[in-house]
């Protein structure tokens, strides 16, 4: 049967759909597992989200991805994501990246172990812990999977825990730009005060380090969707990774304005801007248990490129 580590991966489910002449009838579904609970599983299929009660599951298993990205592709995307979310305090350990932003978000306050740390793995992780201790922070390590599986195994042996899995999802920009935004969206080079207020409410405040993370990118736009002058939806877009990647972050629609297509309009507006800058693909990062967001991104055409875990020192 399935386990939590299967979330974010392709699975096939054989479900019981009825009984005919005393025999059970089955139907198979193939898709990405986005939620696994004691009562049901949820798949993102080509036809849309599918929620299957556990009692209807006859058999379920993980299947190989349609196309597993190469290690080089994972590294390139992780580098683009790092450039799109730049921590103000940075260090290097060989190819590994060390990042600190006064504790604001895991991405900006964790080591990124891609490439060669220039020393044996145990010594590298010791050095990571010393670097974060010197900066007065707990040590965090983001492990892109399966690329950083050896790092994960060493952290397991040291008793490190894991935060919920994060899906790194991508889509060709051409998929997003075939339809124009159906709502007026303004793209600003700097965030307005009410834009920052929405971001602060979502992220639990905005210290000075957060403003650096948000703005210290050469190509960045802050999307605003307003109705009668009131800000109802926001998003942030960056173009990084040798101008190939649009990074979508802080996509937020106020609760009273949801289910009106505003999130899709914001993403499409950012996609149009990024395409004009020469980008060809978009990426975003979403926690696997955020079923609503995963379903939204699936409708827009995003699929999981790879996953990562944020590991926490004991």
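Read-outs: derived from the displayed coordinates by stated rules, not from any lab. On a predicted model such as this, the values are computed, not experimentally measured, just so you know. Please note: Cβ atoms are built from the backbone with ideal geometry, for glycine as well, and neighbour counts cover all protein chains shown.
Overview of results
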{"read-out": "Label selected from (i) 20.6, 71; (ii) 21.2, 66; (iii) 20.0, 63, the criterion being Rg and Dmax of the Cα atoms in Å as computed here", "value": "(i)"}
{"read-out": "Length released on extending from residue 163 to residue 45, taking residue separation times 0.36 nm less the Cα-Cα span", "value": "39.9 nm"}
{"read-out": "Cα gyration tensor shape of the range 227-314, rounded if a/c is under 1.5, else prolate or oblate by comparing a/b with b/c", "value": "oblate"}
{"read-out": "Per-residue [θ]222 nm for the chain (sum of -39500 (n - 2.57) over DSSP H runs n ≥ 4, rounded to 500)", "value": "-8000 deg cm²/dmol"}
{"read-out": "Mean separation of Cα contacts under 8 Å (6+ apart) over length of the chain, as relative contact order %", "value": "21 percent"}
{"read-out": "Tensor-based shape of the range 177-265 (alpha-carbon gyration tensor, a/c under 1.5 rounded, otherwise prolate or oblate)", "value": "oblate"}
{"read-out": "FRET efficiency, residue 119 to residue 25 (Cβ-Cβ, R0 51 Å, nearest 0.05)", "value": "0.30"}
